[in-house]
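First the structure, in the form of C-alpha coordinates, and then the observations on it.
The values are calculated or read from the model by the stated rules, or taken from the named source; none is laboratory data. Every value quoted in this text rests on a predicted model; they were computed, and no experiment measured them. Please note: Cβ atoms are built from the backbone with ideal geometry, for glycine as well, and neighbour counts cover all protein chains shown. Note: areas computed on protein heavy atoms with side chains; ligands, DNA, RNA excluded. Shrake-Rupley method; radii C 1.70, N 1.55, O 1.52, S 1.80 Å.
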Amino acid sequence: MNILYVEDEAKIASFVCAGLKEQGFVVDYCDNGNDGYLRAMDNAYDVLVLDIMLPGKDGLAILKGVRRAGRNLPVILLTARNELDDRLEGLNLGADDYLAKPFFVEELVARIHAVVRRVSGDRQNILSIGPLKLDRITREVTCNQQSVELTTREFNLLEYLMRSPGRVLTRTQILEHVWGYDFNPTTNLVDVCIQRIRKKLERLDGNGCIESVRGVGYCFRKPEV
(Lines give C-alpha, C1' and ligand atoms only; values in the text may rest on other atoms or scores of the structure.)
Protein backbone atom coordinates (compact mmCIF):
# COMPACT_ATOMS: atom_id res chain seq x y z
CA MET A 1 0.00 0.00 0.00
CA ASN A 2 1.06 3.58 -0.63
CA ILE A 3 1.23 5.71 2.50
CA LEU A 4 1.60 9.48 2.76
CA TYR A 5 3.17 10.22 6.15
CA VAL A 6 3.35 13.84 7.33
CA GLU A 7 5.44 14.41 10.47
CA ASP A 8 7.79 17.23 11.45
CA GLU A 9 9.75 15.39 14.18
CA ALA A 10 12.69 13.94 12.28
CA LYS A 11 13.62 11.19 14.76
CA ILE A 12 10.07 9.88 15.00
CA ALA A 13 9.63 10.08 11.24
CA SER A 14 12.83 8.16 10.55
CA PHE A 15 11.83 5.36 12.91
CA VAL A 16 8.26 5.12 11.63
CA CYS A 17 9.26 5.23 7.95
CA ALA A 18 11.76 2.42 8.48
CA GLY A 19 9.16 0.33 10.32
CA LEU A 20 6.50 0.83 7.66
CA LYS A 21 8.89 -0.03 4.83
CA GLU A 22 9.92 -3.21 6.64
CA GLN A 23 6.23 -4.21 6.54
CA GLY A 24 6.14 -3.75 2.77
CA PHE A 25 4.55 -0.30 2.55
CA VAL A 26 5.67 2.32 0.05
CA VAL A 27 6.06 5.51 2.11
CA ASP A 28 5.97 9.06 0.78
CA TYR A 29 7.18 11.32 3.62
CA CYS A 30 7.18 15.07 4.10
CA ASP A 31 7.94 17.22 7.14
CA ASN A 32 5.49 20.12 6.81
CA GLY A 33 1.79 20.64 6.32
CA ASN A 34 1.94 22.70 3.15
CA ASP A 35 3.82 20.03 1.19
CA GLY A 36 1.70 17.33 2.80
CA TYR A 37 -1.50 18.99 1.65
CA LEU A 38 -0.26 19.36 -1.94
CA ARG A 39 0.84 15.73 -2.11
CA ALA A 40 -2.43 14.50 -0.63
CA MET A 41 -4.38 16.43 -3.25
CA ASP A 42 -2.19 15.58 -6.24
CA ASN A 43 -1.49 11.88 -5.70
CA ALA A 44 -3.38 8.64 -5.14
CA TYR A 45 -2.55 7.17 -1.73
CA ASP A 46 -4.10 4.26 0.09
CA VAL A 47 -3.76 5.88 3.53
CA LEU A 48 -2.84 9.32 4.87
CA VAL A 49 -1.04 9.36 8.25
CA LEU A 50 -1.06 12.90 9.68
CA ASP A 51 0.54 14.45 12.71
CA ILE A 52 -1.75 17.21 13.99
CA MET A 53 0.94 19.69 15.04
CA LEU A 54 2.79 20.65 11.86
CA PRO A 55 4.54 23.74 10.49
CA GLY A 56 2.44 25.39 7.78
CA LYS A 57 -0.98 23.77 7.52
CA ASP A 58 -1.68 21.66 10.58
CA GLY A 59 -3.06 18.15 10.34
CA LEU A 60 -6.65 19.20 10.93
CA ALA A 61 -6.46 21.81 8.16
CA ILE A 62 -5.09 19.17 5.76
CA LEU A 63 -7.86 16.76 6.76
CA LYS A 64 -10.52 19.44 6.27
CA GLY A 65 -9.19 20.31 2.82
CA VAL A 66 -8.99 16.68 1.74
CA ARG A 67 -12.58 15.99 2.80
CA ARG A 68 -13.91 19.20 1.23
CA ALA A 69 -12.33 18.09 -2.05
CA GLY A 70 -14.29 14.84 -1.85
CA ARG A 71 -11.26 12.63 -1.27
CA ASN A 72 -12.28 9.54 0.67
CA LEU A 73 -8.87 8.04 1.38
CA PRO A 74 -8.48 6.74 4.95
CA VAL A 75 -6.88 9.23 7.36
CA ILE A 76 -5.15 8.37 10.64
CA LEU A 77 -4.28 11.27 12.95
CA LEU A 78 -1.27 11.23 15.28
CA THR A 79 -1.83 13.19 18.49
CA ALA A 80 -0.31 13.84 21.91
CA ARG A 81 -2.02 12.01 24.75
CA ASN A 82 -3.59 15.18 26.19
CA GLU A 83 -5.07 16.46 22.90
CA LEU A 84 -8.62 15.18 23.47
CA ASP A 85 -10.24 18.20 21.81
CA ASP A 86 -8.07 17.77 18.70
CA ARG A 87 -8.93 14.09 18.48
CA LEU A 88 -12.65 14.81 18.74
CA GLU A 89 -12.43 17.59 16.16
CA GLY A 90 -10.45 15.32 13.84
CA LEU A 91 -13.05 12.55 14.06
CA ASN A 92 -15.81 15.07 13.43
CA LEU A 93 -13.94 16.34 10.36
CA GLY A 94 -13.81 12.85 8.91
CA ALA A 95 -10.69 11.15 10.30
CA ASP A 96 -10.99 7.37 10.28
CA ASP A 97 -8.83 6.75 13.35
CA TYR A 98 -6.26 8.34 15.64
CA LEU A 99 -3.20 7.14 17.49
CA ALA A 100 -1.74 8.84 20.56
CA LYS A 101 2.01 9.38 20.85
CA PRO A 102 4.17 7.59 21.75
CA PHE A 103 3.08 4.48 19.89
CA PHE A 104 4.48 1.23 18.54
CA VAL A 105 4.89 0.97 14.77
CA GLU A 106 3.17 -2.42 14.95
CA GLU A 107 0.03 -0.73 16.26
CA LEU A 108 0.12 1.84 13.46
CA VAL A 109 0.45 -0.99 10.91
CA ALA A 110 -2.55 -2.77 12.45
CA ARG A 111 -4.63 0.42 12.34
CA ILE A 112 -3.65 1.05 8.71
CA HIS A 113 -4.89 -2.40 7.74
CA ALA A 114 -8.07 -1.89 9.79
CA VAL A 115 -9.05 1.43 8.22
CA VAL A 116 -8.36 0.13 4.72
CA ARG A 117 -10.63 -2.85 5.36
CA ARG A 118 -13.37 -0.61 6.74
CA VAL A 119 -13.22 1.98 3.99
CA SER A 120 -12.59 -0.11 0.88
CA GLY A 121 -13.96 -3.49 1.94
CA ASP A 122 -12.20 -6.83 1.69
CA ARG A 123 -13.04 -7.29 -2.00
CA GLN A 124 -10.97 -4.31 -3.04
CA ASN A 125 -8.01 -5.76 -1.17
CA ILE A 126 -8.06 -8.84 -3.40
CA LEU A 127 -6.67 -8.45 -6.90
CA SER A 128 -7.69 -11.41 -9.07
CA ILE A 129 -6.72 -11.44 -12.74
CA GLY A 130 -6.49 -14.60 -14.80
CA PRO A 131 -4.63 -17.31 -12.86
CA LEU A 132 -3.23 -14.82 -10.35
CA LYS A 133 -4.75 -13.73 -7.05
CA LEU A 134 -3.06 -11.18 -4.78
CA ASP A 135 -4.22 -10.26 -1.26
CA ARG A 136 -3.05 -6.76 -0.33
CA ILE A 137 -3.72 -7.32 3.38
CA THR A 138 -2.22 -10.77 4.01
CA ARG A 139 0.33 -10.23 1.19
CA GLU A 140 -0.33 -13.70 -0.15
CA VAL A 141 -0.09 -14.47 -3.87
CA THR A 142 -1.39 -17.56 -5.63
CA CYS A 143 -1.11 -18.67 -9.25
CA ASN A 144 -3.50 -21.38 -10.40
CA GLN A 145 -4.38 -21.82 -6.72
CA GLN A 146 -0.78 -22.53 -5.77
CA SER A 147 1.20 -20.28 -3.45
CA VAL A 148 3.87 -17.98 -4.93
CA GLU A 149 6.69 -16.91 -2.61
CA LEU A 150 7.66 -13.31 -3.39
CA THR A 151 10.03 -10.87 -1.72
CA THR A 152 8.62 -7.57 -0.49
CA ARG A 153 9.90 -5.76 -3.57
CA GLU A 154 8.56 -8.41 -5.95
CA PHE A 155 5.16 -8.29 -4.27
CA ASN A 156 4.99 -4.49 -4.48
CA LEU A 157 5.96 -4.54 -8.16
CA LEU A 158 3.42 -7.22 -9.05
CA GLU A 159 0.69 -5.39 -7.13
CA TYR A 160 1.49 -2.14 -8.94
CA LEU A 161 1.16 -3.85 -12.33
CA MET A 162 -2.01 -5.72 -11.37
CA ARG A 163 -3.74 -2.55 -10.20
CA SER A 164 -3.68 -1.22 -13.77
CA PRO A 165 -4.09 -4.16 -16.17
CA GLY A 166 -3.44 -3.18 -19.78
CA ARG A 167 -1.74 0.08 -18.80
CA VAL A 168 1.88 0.46 -19.87
CA LEU A 169 4.02 1.59 -16.93
CA THR A 170 7.44 3.03 -17.65
CA ARG A 171 10.56 1.92 -15.82
CA THR A 172 10.77 5.36 -14.20
CA GLN A 173 7.20 5.10 -12.91
CA ILE A 174 7.90 1.65 -11.50
CA LEU A 175 11.13 2.80 -9.84
CA GLU A 176 9.46 5.78 -8.19
CA HIS A 177 6.45 3.77 -7.03
CA VAL A 178 8.04 0.49 -5.94
CA TRP A 179 11.46 1.61 -4.76
CA GLY A 180 10.13 4.86 -3.35
CA TYR A 181 12.90 7.18 -4.51
CA ASP A 182 14.74 8.22 -7.64
CA PHE A 183 17.28 5.96 -9.30
CA ASN A 184 19.49 6.40 -12.30
CA PRO A 185 17.03 5.76 -15.17
CA THR A 186 19.60 3.47 -16.81
CA THR A 187 19.54 1.01 -13.90
CA ASN A 188 18.29 -2.51 -14.63
CA LEU A 189 16.66 -3.02 -11.22
CA VAL A 190 13.17 -3.18 -12.71
CA ASP A 191 14.15 -5.67 -15.42
CA VAL A 192 15.92 -7.95 -12.93
CA CYS A 193 12.93 -7.92 -10.56
CA ILE A 194 10.50 -8.62 -13.43
CA GLN A 195 12.58 -11.60 -14.53
CA ARG A 196 12.56 -13.05 -11.01
CA ILE A 197 8.76 -12.75 -10.84
CA ARG A 198 8.34 -14.33 -14.28
CA LYS A 199 10.48 -17.33 -13.34
CA LYS A 200 8.38 -17.95 -10.23
CA LEU A 201 5.16 -17.72 -12.23
CA GLU A 202 6.45 -19.94 -15.04
CA ARG A 203 6.73 -22.84 -12.61
CA LEU A 204 2.98 -22.57 -11.98
CA ASP A 205 1.90 -22.04 -15.60
CA GLY A 206 1.47 -18.32 -15.07
CA ASN A 207 3.85 -17.23 -17.80
CA GLY A 208 2.78 -14.35 -20.05
CA CYS A 209 0.94 -12.27 -17.46
CA ILE A 210 3.59 -9.54 -17.55
CA GLU A 211 4.25 -8.15 -21.00
CA SER A 212 7.32 -6.19 -22.07
CA VAL A 213 6.83 -3.01 -24.08
CA ARG A 214 10.11 -2.44 -25.88
CA GLY A 215 11.79 0.83 -25.04
CA VAL A 216 9.08 1.81 -22.57
CA GLY A 217 8.40 -0.58 -19.72
CA TYR A 218 5.90 -3.26 -18.73
CA CYS A 219 2.20 -3.92 -18.40
CA PHE A 220 0.04 -6.59 -16.86
CA ARG A 221 -1.94 -8.34 -19.57
CA LYS A 222 -5.68 -7.66 -19.55
CA PRO A 223 -7.78 -10.78 -19.03
CA GLU A 224 -9.47 -12.09 -22.16
CA VAL A 225 -13.23 -11.40 -22.22
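Things worth noting here:
- The distance from the alpha carbon centre of region 94-111 to that of region 53-80 is 15 Å, rounded to a whole number.
- With the simple model of a label 7 Å out from the Cα in the direction of the Cβ, LYS199 to VAL216 spans 2.8 nm.
- Inverse mean reciprocal Cα-Cα distance (Kirkwood Rh) of region 5-120, Å: 14.0
- Environment charge at GLU7 (Cβ cut-off 11 Å; Lys +1, Arg +1, Asp -1, Glu -1): -2
- Selection from VAL216, PRO74, VAL190, by position along the positive dipole direction of the chain (Cβ): VAL216
- Segment ASN144-PHE103, extension gain: residue separation times 0.36 nm, minus the distance between their alpha carbons: 10.7 nm
- Point-to-point label distance, ASN43-THR187, nm (Cα→Cβ direction, 7 Å offset): 1.6
- The charge dipole of the chain, taken about the Cα centre with unit charges on the Cβ atoms of Lys, Arg (+1) and Asp, Glu (-1), comes to about 840 debye, rounded to the nearest 20.
- The chain: translational diffusion in µm²/s, Stokes-Einstein, Kirkwood Rh over Cα pairs, 4 °C, 1.567 mPa s: 69
- Compared with the alpha-carbon gap, the fully stretched path from ALA80 to VAL119 is longer by 11.5 nm at 0.36 nm per residue.
- Solvent exposure ordering (accessible area, 1.4 Å, most first) of ARG203, ARG111: ARG203, ARG111
- Taking all protein chains together and a 1.4 Å probe, the residues THR138, THR79 rank THR138, THR79 from largest to smallest accessible area.
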